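Before any comments, here is the structure.
The values are calculated or read from the model by the stated rules, or taken from the named source; none is laboratory data. Keep in mind that this is a model prediction, so the values were computed, not measured. When we count neighbours, we look across all protein chains shown, and the Cβ atoms used for this are built from the backbone with ideal geometry, even at glycine. Calculation scope for accessible area: heavy atoms of the full protein, side chains included, ligands and nucleic acids excluded. Shrake-Rupley method; radii C 1.70, N 1.55, O 1.52, S 1.80 Å.
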Amino acid sequence: MAHRIVLLPGDGVGPEVTDAARLVLEKTSTAHDIALDFEEHDFGGCAIDAHGDPFPETTAAACGQADAVFLGAVGGPKWDRGGPRPEAGLLALRAALGTFANLRPITVFEGLEHLSPLRAERVRGVDLLIMRELTGGIYFGEKVEGNELASDLCAYSRGEVERIARMAFEAARLRDGRVTSVDKANVLASSRLWRKVVQDVRDADYPDVALDHVLVDAMAMKLIDAPARFDVVLTENMFGDILSDEASVLAGSIGLAPSASLSETHGGLFEPIHGSAPDIAGKDIANPVGAILSAAMLLRHALGEDAAARAIENAVSRCLQAGETTRDIGGTHGCRSFAEAIVANIDA
Ligand code: NAD
Ligand code: IPM
Ligand code: MN
């Protein structure tokens, strides 16, 4: 039976990079004899315009029944002036699918150090995985919206920290065996619980994995100062959001960075880490690599198709080596022609 893939192109550059990812998925699935059925649904700002709701019931039902969901990006200035927000739809989607574990790999491939704005010797060998908690913390705590006073509660339960810590330690066992847990335990109670639970899980069940704890402000500095030192970086929701945009620049551009959001009950949600990039939307200049590598993560994590995922990753890396890319990292391709160049490099 064909796997059901729901595509949510969304807003801004979202539809451009989703088309690129779809093209690559179609070509790769044919070459690797994988049957995929695609459905597209309204989500985000375009869904507010069409249905008055960023996450309409029809979209929610389709996502719930899908084997995997792919998202381009949502948001933009049009929906920043009051009324429902596209971003609220994204949070509702993550909550509905239970995607508590957001994997954001950042790799600087050998020979591609020059794409980074940092000196080559500083980024050589960078291969880190940000394991971001995605369905808790300040994003989902009680809110007070007001003109005189506003607040957002950051709460974590032991269970929420335990399950994301386990994901990080399991991932580390398949990599270099090291986890750096990021928190603000010198100030925040939620971080003190975070640090204690992460240490407890490690001591009880993962004594073979090396664990250190770094405060988030220092981590922001160390990610630039010595990024190749890190293996798995474990964070709560908001720290992971911020540090992953920062880390994406190590490889050259936020347009390169993919993500997989995994759940205990669903195949998962796959999206580039960048947003709708309103400043470059509609011009066919967005870098589609983050979206295309997210499609590779979809094949690997949701469908178990590791060889097909690797074929995509190899094709991307071959194009980048050949200087075939978009202008954010010095190339001349448009979004569409870059995707076509990647497709031409996919081995069966
Ligand atoms: P952004 O990630 O959209 O853009 C930041 C900068 O990176 C911009 O200069 C943009 O041109 C550039 N950029 C982003 N993607 C790129 C790509 N693929 N290729 C080349 N350059 C790229 O962040 P922002 O401007 O802060 O946010 C814009 C909107 O996107 C906001 O409404 C925000 O809420 C939303 N957003 C959505 C998601 C998502 O849907 N997952 C993620 C982040 C932000
Ligand atoms: C991301 C985005 C989202 C987040 C927003 C749009 C809700 O920045 O996926 O990184 O903060 O998680
Ligand atoms: Mn973000």
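Some notes on this structure:
- Filter result for Leu71 (touching a residue at least 40 places away in the same chain (Cβ under 8 Å), out of contact with any Lys or Arg (no Cβ under 8 Å at 6 or more places or on another chain) and open to solvent by 20 Å² or more (accessible area, probe 1.4 Å)): no
- Scanning segment 132-153 for residues that are without any contact (Cβ under 8 Å) to a residue 40 or more places away in the chain and within 23 Å of the chain's Cα centre (by Cα) gives a single hit, Gly141.
- Only one entry of Gly275, Gly267 meets the criterion of being within 14 Å of ligand 1 (Cβ to nearest atom), open to solvent by 10 Å² or more (accessible area, probe 1.4 Å) and within 24 Å of Gly240 (Cβ to Cβ), and that entry is Gly275.
- Residue match in segment 220-236 (condition: touching a residue at least 40 places away in the same chain (Cβ under 8 Å), among the polar types (S, T, N, Q) and open to solvent by 10 Å² or more (accessible area, probe 1.4 Å)): no
- Qualifying position, being in contact with a strand residue (DSSP E or B) (Cβ under 6 Å, 6 or more places away or on another chain) and over 16 Å from Asp328 (Cα atoms), among Leu269, Leu299: Leu269
- Test for Ala286: is it under 14 Å from Ile254 (Cβ atoms), of a type in the set (A, V, I, L, M, F, W, C) and touching a His at 6+ places or on another chain (Cβ under 9 Å): yes
- Within segment 75-127, the set of residues being open to solvent by 20 Å² or more (accessible area, probe 1.4 Å), touching a residue at least 24 places away in the same chain (Cβ under 8 Å), assigned to a loop (DSSP other than H, G, I, E, B) and within 14 Å of ligand 1 (Cβ to nearest atom) comprises Gly83, Pro84, Arg85, Pro117.
- The residue that is farthest from the chain's Cα centre (by Cα), among those in segment 304-335 that are among the charged types (D, E, K, R) and in a loop (DSSP other than H, G, I, E, B), is Glu324.
- Residue check, Gly330 away from ligand 3 (no atom under 16 Å from the Cβ), on the phi > 0 side of the Ramachandran plot, open to solvent by 30 Å² or more (accessible area, probe 1.4 Å) and modelled with pLDDT of 95 or more: no
- Leu269 in contact (Cβ under 8 Å) with a residue 60 or more places away in the chain, of a type outside the set (Lys, Arg) and under 30 Å from Gln65 (Cα atoms): yes
- One residue alone among Ala348, Ala341 is open to solvent by 10 Å² or more (accessible area, probe 1.4 Å), modelled with pLDDT under 95 and over 17 Å from the mean Cα position of the chain (by Cα), and that residue is Ala348.
- Residue within segment 30-43 that is in contact (Cβ under 8 Å) with a residue 60 or more places away in the chain, of a type in the set (Ser, Thr, Tyr) and either open to solvent by 10 Å² or more (accessible area, probe 1.4 Å) or in contact with a strand residue (DSSP E or B) (Cβ under 8 Å, 6 or more places away or on another chain) (or both) present: no
- For segment 128-141, the set of residues classified as among the polar types (S, T, N, Q) and open to solvent by less than 20 Å² (accessible area, probe 1.4 Å) is empty.
Matching residues to (1) β-branched (Val, Ile, Thr); (2) within 12 Å of ligand 1 (Cβ to nearest atom):
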{"position": "Ser253", "(1), (2)": "no, yes"}
{"position": "Ala286", "(1), (2)": "no, yes"}
{"position": "Ser294", "(1), (2)": "no, yes"}
{"position": "Ala309", "(1), (2)": "no, no"}
{"position": "Ser317", "(1), (2)": "no, no"}
{"position": "Ile329", "(1), (2)": "yes, yes"}
{"position": "Asn345", "(1), (2)": "no, no"}
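- Residues that are without any contact (Cβ under 8 Å) to a residue 40 or more places away in the chain and not in a helix (DSSP H, G or I) within segment 56-68 comprise just one, Pro56.
- Count - residues of segment 247-277 that are within 10 Å of ligand 2 (Cβ to nearest atom) and out of contact with any helix residue (DSSP H, G or I) (no Cβ under 7 Å at 6 or more places or on another chain): 1
- The set of residues in segment 197-219 being open to solvent by 60 Å² or more (accessible area, probe 1.4 Å) and within 26 Å of Val249 (Cβ to Cβ) consists of Asp212, Asp217.
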